[in-house]
1. Only strands (runs of 3 or more DSSP E) wholly contained in the stretch 87-175 count here; list those with 2 or more residues that are touching a residue at least 40 places away in the same chain (Cβ under 8 Å) and away from ligand 2 (no atom under 16 Å from the Cβ).
2. Could you please find all residues in the stretch 19-77 being part of a strand (DSSP E or B) and within 17 Å of Leu136 (Cα to Cα)?
3. Which residues, taken from the stretch 78-96, are within 16 Å of ligand 1 (Cβ to nearest atom), closer than 28 Å to Pro20 by Cα and surrounded by fewer than 20 Cβ atoms within 10 Å (Cβ to Cβ)?
4. Considering only residues that are of a type in the set (Gly, Ala, Ser) and surrounded by 15 or more Cβ atoms within 10 Å (Cβ to Cβ), look in the stretch 97-116 and name the one that is farthest from ligand 1 (Cβ to nearest atom).
5. So if I check each of Asp120, Asp170, which one is loosely packed, with under 13 Cβ neighbours inside 10 Å and either within 20 Å of Glu82 (Cβ to Cβ) or in contact with a Gly (Cβ under 9 Å, 6 or more places away or on another chain) (or both)?
6. Can Glu66 be described as among the acidic types (Asp, Glu) and more than 21 Å from Leu147 (Cα to Cα)?
Amino acid sequence: MSILEILKYPDLFLKTKAKPVSKMDEGIKRLISDMVDTMYFAKGIGLAATQVGVDKRVAVLDVPGEEDYQRGKNLIVIINPEIVVHEGEIKYEEGCLSVPGFTANVKRFENVTVRALDKDGKGMEIKAEGLLAIALQHEIDHLDGVLFIDRLSKLKRDIIKRKIKKAIEDGKKRL
Ligand code: GNR
Ligand code: NI
């Protein structure tokens, strides 16, 4: 088991469009296991392979439900995910492990059906609403090289990019 390094904006690798997984080999299983460990270590509700520098269409999620949160209870592994049905619109304040310390309201589909392969390479469909629907879209965006800040209006994007740049510069001065 290994904790992987999470790439941070403005790392250009985060713009990479990941490639479909063609076979479920030991390498992919190892990647999934390390991504799950890394997601829990970083206290995220999801993690995409792009964020750990791997250009394969793999993501993991564990979105807490209504009940008491138990690690692993809602763990989902999605390989080659595709949104096959979407409905409605919702705005939600998103964060991202690759953009630490910043959040913004992002418009997403309210309900989605995602078709994907599971960790054993078996086909499946997830019908999601609420935070799970949002997180699925957020992770699929990562696999397409898209960050939540790319989904903001140009004005809001420019403001948040400037704030991030300033935070990085201020952080560097303190080193
Ligand atoms: O941990 C995370 N929380 C979150 C909150 C609102 C909308 C999306 C997310 S995903 C994020 C983890 C992450 O960056 N996944 O790529
Ligand atoms: Ni993210």
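Readers should treat all values here as calculations from the given coordinates under stated rules, not as data from a laboratory. Because the structure is a prediction, the values reported are computed rather than measured. Please note: Cβ atoms are built from the backbone with ideal geometry, for glycine as well, and neighbour counts cover all protein chains shown.
1. Details: elements: 90-94, 104-108, 111-117, 123-129.
Correct list: 123-129.
2. Within the stretch 19-77, the subset part of a strand (DSSP E or B) is 19, 46-48, 56, 58-62, 75-77.
Across the stretch 19-77, the qualifying residues are Gly46, Leu47, Ala48, Lys56, Val58, Ala59, Val60, Leu61, Asp62, Leu75, Ile76, Val77.
3. Answer for the stretch 78-96, where residues must be within 16 Å of ligand 1 (Cβ to nearest atom), closer than 28 Å to Pro20 by Cα and surrounded by fewer than 20 Cβ atoms within 10 Å (Cβ to Cβ): Ile83, Glu89, Gly95.
4. Quick first cut of the stretch 97-116, residues of a type in the set (Gly, Ala, Ser) only: 98, 101, 104, 116.
Now drop any that are not surrounded by 15 or more Cβ atoms within 10 Å (Cβ to Cβ), which leaves 98, 104, 116.
On the way: Ser98: 6, Ala104: 10, Ala116: 16 Å.
Per the stated criteria, the residue is Ala116.
5. Numbers: Asp170 fails: either within 20 Å of Glu82 (Cβ to Cβ) or in contact with a Gly (Cβ under 9 Å, 6 or more places away or on another chain) (or both).
None of the others qualify; the one that does is Asp120.
6. On the way: among the acidic types (Asp, Glu): yes; more than 21 Å from Leu147 (Cα to Cα): yes.
Yes, satisfied.
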